[in-house]
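Single-structure report; data block below.
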Amino acid sequence: MSEPPPVRYVPANFADLPGWADSDPRAALAAFRLGCKARRPAAAPLPIGAAALAAGLAAACRAASGSGDAASARAFFEAHFAPWRVAGPGGAEGLFTGYYEPTLDAARTRRRGFDAPIYALPAEARPGAALPPRAEIENGAAKAWRVLYWARDPVDVFTLHVQGSGRVALAEGGFARVSYAGNNGHGYVAIGRLMRERGLLPEGGTNMPAIQAWLRANPEAGRRLMQENPRYIFFRDVPADEGPKGQPGVALTPLASLAVDPAFIPLGMPLWLDTTWPLDRGKPMRILAVAQDTGAAIKGPVRGDVFFGSDADAARNAGHMAQRGRYYLFLPKPK
């Protein structure tokens, strides 16, 4: 028996999209417009050719307007795109998680209580080069590397590594911002999965707040556990008023930007997401989002990571998001 294809794109109609008729996709339209100048070639095995994709996107970008109501935003997408249900070998349902921009306390210089480093990208981090794994870096292999900031809490730094960017509340006063600059070339290991397998978290308690609480309550064991993820992230300073950006350098929009696997979903494409809210699991979460980011843990044809924003509500929702759901990929209509 032959294996099922890794991904299938099944033609659909807008009437097939649960909740579409009552939706307000204006935030997604704004996010789409932001990405119009930053397109990347599609790597995914799409049901339309590269030339048709490029021509359709160009036409949609020319027609995209920043004004109008929810109905006109829906009309724009209906005029320029057609929905396709995405399915993998296991069907059309997949996992959707969330991420956010954390805020952490740090200082520009090392001092008592601030001794968890946030490193800049070292000179040795050349393309294709593998630097030491996390455990070696944290145990002395990074002595000569430049430190951007010294954070108060190593768990906050680990969270920053997972999220990819963040705000820094400075002990000297004011705020700074850091963004992803590169990594050490090692694979990502989700410590939440390790904790679940080892019975360190209660049933159904594999979420970011529970993980953070356990790590803080068990500092030595937590340090060893975090080091089981060999991937290490380096950062760069960005303007304090510049929000987090995805790939390729497009500003992320809360609840309208989605991290995806670009092997199956091309960046810049809108997707209709049908899942549930993390803190109210019976409440449908049906939003239009744009594929504007990637992530080491975001792999597979039906897999997404919703960007929730930067405030406390964003942290709570993103930290608890682990929902099953499906999505429909919007591809340009032939021109």
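Miscellaneous remarks
- Of the residues making up region 194-203, none is under 22 Å from the mean Cα position of the chain (by Cα) and among the small types (G, A, S).
- The residues of region 169-211 that are polar (S, T, N, Q) and out of contact with any helix residue (DSSP H, G or I) (no Cβ under 6 Å at 6 or more places or on another chain), listed by number, are S179, N183, N184.
- Verdict on L194 being surrounded by fewer than 17 Cβ atoms within 10 Å (Cβ to Cβ), touching an Asp or Glu at 6+ places or on another chain (Cβ under 9 Å) and closer than 23 Å to A221 by Cβ: yes
- The one condition in (1) surrounded by 14 or more Cβ atoms within 10 Å (Cβ to Cβ); (2) more than 18 Å from the chain's Cα centre (by Cα); (3) over 26 Å from I287 (Cβ atoms) that A210 fails to fulfil: (3)
- A single entry from A87, A52 fulfils the requirement of being surrounded by fewer than 19 Cβ atoms within 10 Å (Cβ to Cβ) and either in the same structural domain as D22 (by TED's automatic domain parsing) or not in a helix (DSSP H, G or I) (or both): A52.
Listed here are the residues, each with its yes/no results for (1) within 30 Å of R8 (Cβ to Cβ); (2) modelled with pLDDT of 95 or more; (3) of a type in the set (A, V, I, L, M); (4) surrounded by fewer than 20 Cβ atoms within 10 Å (Cβ to Cβ).
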{"position": "E203", "(1), (2), (3), (4)": "no, no, no, yes"}
{"position": "T206", "(1), (2), (3), (4)": "yes, no, no, yes"}
{"position": "N229", "(1), (2), (3), (4)": "no, yes, no, no"}
{"position": "G249", "(1), (2), (3), (4)": "no, no, no, yes"}
{"position": "P270", "(1), (2), (3), (4)": "yes, yes, no, no"}
{"position": "W277", "(1), (2), (3), (4)": "yes, yes, no, yes"}
{"position": "D280", "(1), (2), (3), (4)": "no, no, no, yes"}
{"position": "A291", "(1), (2), (3), (4)": "yes, yes, yes, no"}
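- Of all residues in region 111-122, none satisfies being under 24 Å from V7 (Cα atoms) and under 24 Å from the mean Cα position of the chain (by Cα).
- Qualifying residue in region 294-302 (condition: crowded, with 24+ Cβ neighbours inside 10 Å, over 26 Å from R74 (Cα atoms), in the same structural domain as T253 (by TED's automatic domain parsing) and touching a residue at least 60 places away in the same chain (Cβ under 8 Å)): no
The values are calculated or read from the model by the stated rules, or taken from the named source; none is laboratory data. Only a predicted model underlies this, so the values are computations on that prediction, with no experimental measurement involved. Positions of Cβ are generated from backbone atoms using ideal geometry, with glycine treated the same way; all protein chains shown enter the neighbour counts.
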